[in-house]
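Shown next, in structure tokens, is the structure this report addresses.
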Amino acid sequence: DVIGYDLAANFELGKFFPDRWGIRLPFYGQLSNTTRTPEYDPYDLDVRVEEKLDNAESSFQRDSIRSAVQDVVKIKSFNLTNVGKQSTGRGKKPRPWDIENVSASYSYTETERSDPLVESDLQQAYTGGLDYQFSRQVNYLEPFKFIQARPLEIISKFNVNPLPNSFNFNTNLDREFTTTKYRFTGLEEKFSTFYIKRFAWDRNYDLQWDLTRSLNISYSATNRGV
């Protein structure tokens, strides 16, 4: 028998703030549970689970038997993605220090599993990120445009863009923590329980710059720490 439910919802929490603030706050949440119960006991393959439950001497023993034979997966998750502020000024010229250039994200996921071999497997994942994006309209300076003499025409076409077109930067922190405890090892808990810890930090950089109308450079870099 398989019994399960899965609930998921999306909300734009920014709607709770005045429109003139331009707040962007999308929220996603999930809650699910899937339980599989076999007809026959996974340890005594010729005995039905219902028979074993009927022969249990107490409700505690009955709950222990049911917990041991079932395969259960539970998931809890929520995230806030691309949280930030939208520009509300018409015709506003973007500036590098504007808060609208920055957005943030955060998520948490908890997955818990148990089956006839694993008493408990709990995985917790945390992810946080910050993103900065700035771009500007390119304006080329032509300091010698006033020169009209034909022999010096090539000089008059000289142009230069003194500032980069765009610059993007994002950083992400990813942390995972897993605890797994096995059944029937015959060992102390500290020997039957295993831990996995992982922490990663990623940084990404991207620069685009049209030095002149016909000469441009791009630079990108990725840094990863574990």
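The values are calculated or read from the model by the stated rules, or taken from the named source; none is laboratory data. Everything quoted here is computed from the prediction, not taken from an experiment. Methodologically, a virtual Cβ is constructed for each residue, glycine included, from the backbone with ideal geometry; neighbour enumeration extends over all protein chains shown. Only protein heavy atoms, including side chains, enter the accessible area calculation; ligands, DNA and RNA are left aside. Shrake-Rupley method; radii C 1.70, N 1.55, O 1.52, S 1.80 Å.
Every residue, every condition in (1) without any contact (Cβ under 8 Å) to a residue 12 or more places away in the chain; (2) of a type in the set (Ser, Thr, Tyr); (3) surrounded by fewer than 11 Cβ atoms within 10 Å (Cβ to Cβ), yes or no:
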residue	(1), (2), (3)
126	no, yes, no
136	no, no, no
147	yes, no, no
179	no, yes, no
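Counting only residues that are under 30 Å from residue 100 (Cα atoms) and open to solvent by 70 Å² or more (accessible area, probe 1.4 Å), how many does segment 13-42 have?
6
Does residue 120 qualify as being surrounded by 12 or more Cβ atoms within 10 Å (Cβ to Cβ), assigned to a strand (DSSP E or B) and without any contact (Cβ under 8 Å) to a residue 60 or more places away in the chain? If you could, list the steps in order and put the result at the bottom.
Values: surrounded by 12 or more Cβ atoms within 10 Å (Cβ to Cβ): yes; assigned to a strand (DSSP E or B): yes; without any contact (Cβ under 8 Å) to a residue 60 or more places away in the chain: no.
Against the criterion (surrounded by 12 or more Cβ atoms within 10 Å (Cβ to Cβ), assigned to a strand (DSSP E or B) and without any contact (Cβ under 8 Å) to a residue 60 or more places away in the chain), residue 120 does not qualify.
If you scan segment 43-87, which residues turn out to be in a loop (DSSP other than H, G, I, E, B) and either without any contact (Cβ under 8 Å) to a residue 40 or more places away in the chain or loosely packed, with under 15 Cβ neighbours inside 10 Å (or both)?
43, 44, 45, 46, 47, 55, 56, 57, 58, 86, 87
Somewhere in segment 88-105, is a residue open to solvent by 60 Å² or more (accessible area, probe 1.4 Å) and modelled with pLDDT of 90 or more?
No, the conditions are met nowhere in segment 88-105.
Being assigned to a strand (DSSP E or B), out of contact with any helix residue (DSSP H, G or I) (no Cβ under 6 Å at 6 or more places or on another chain), among the polar types (S, T, N, Q) and without any contact (Cβ under 8 Å) to a residue 24 or more places away in the chain, is that true of even one residue in segment 6-21? Working first, answer last.
At the first step, the residues of segment 6-21 found to be assigned to a strand (DSSP E or B) are 6-12.
When the remaining residues are screened for being out of contact with any helix residue (DSSP H, G or I) (no Cβ under 6 Å at 6 or more places or on another chain), the result is 6-12.
Filter once more, so that each one left must be among the polar types (S, T, N, Q): 10.
Now restrict to residues that are without any contact (Cβ under 8 Å) to a residue 24 or more places away in the chain: 10.
The answer is yes, given that some residue of segment 6-21 is assigned to a strand (DSSP E or B), out of contact with any helix residue (DSSP H, G or I) (no Cβ under 6 Å at 6 or more places or on another chain), among the polar types (S, T, N, Q) and without any contact (Cβ under 8 Å) to a residue 24 or more places away in the chain.
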